[in-house]
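The values are calculated or read from the model by the stated rules, or taken from the named source; none is laboratory data. Treat the numbers as computed from the prediction; the structure is a model and nothing was measured. When the accessible area is computed, the model is the full protein with side chains, heavy atoms only, and any ligands, DNA or RNA have been set aside. Shrake-Rupley method; radii C 1.70, N 1.55, O 1.52, S 1.80 Å.
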Amino acid sequence: HVQLVESGGGLVQPGGSSRLSCAASGRIGSINAMYWYRQTPGNERELVATITNGDNTDYADSMKGRFTISRDNAKNTVYLQMNSLKPEDTAVYYCKADIRRYFTTNWVAYWGQGTQVTVSS
């Protein structure tokens, strides 16, 4: 059984910062890429940022220069540091990880439960 648990988020003022965390636990053999997505009501989930197991990162254009994705492999945790937040960043943020469980050879995408980030004064 593998589980991703997110923390962080909440209410943030415009121009403020917030840091999200997502910890993977369970019978994890290895983790490949890790991701952050976000979703607003009535819209599809959109990719925010990606980090590979070699620490290569990629961002959606609207997040470049404001968001930073990082990971701690010893803790099986991925982070999203969000700066200069705007009201349009308000969304439910989800983490995802490509995980191979112990004694298996296939990679499976696991999702966190989502955490709300609201940017408002």
For segment 22-92, the percent of all C-alpha pairs falling in each 5 Å bin, from 0 up to the bin holding the max distance, is 3, 15, 26, 22, 17, 11, 5, 1
Using only Cα atoms, what Kirkwood radius does the chain have, in angstroms? 14.5
In segment 43-102, what percent of the accessible surface is made up of carbon and sulfur (1.4 Å probe, ligands and nucleic acids excluded)? 40
In terms of Cα to Cα distance under 16 Å, which lysines are near enough to Lys64, apart from those fewer than 8 places away along the same chain? Lys86
Please list, ordered by chain and number, the residues whose modelled amide H lies under 5 Å from the amide H of Gly16; skip anything fewer than 5 residues away on the same chain. Leu85
Fraction of beta bridges assigned by DSSP in the chain that are antiparallel (%, nearest 5): 95
Reach of Lys75 by Cα under 19 Å, taken over lysines that are not fewer than 8 positions away in the same chain: Lys96
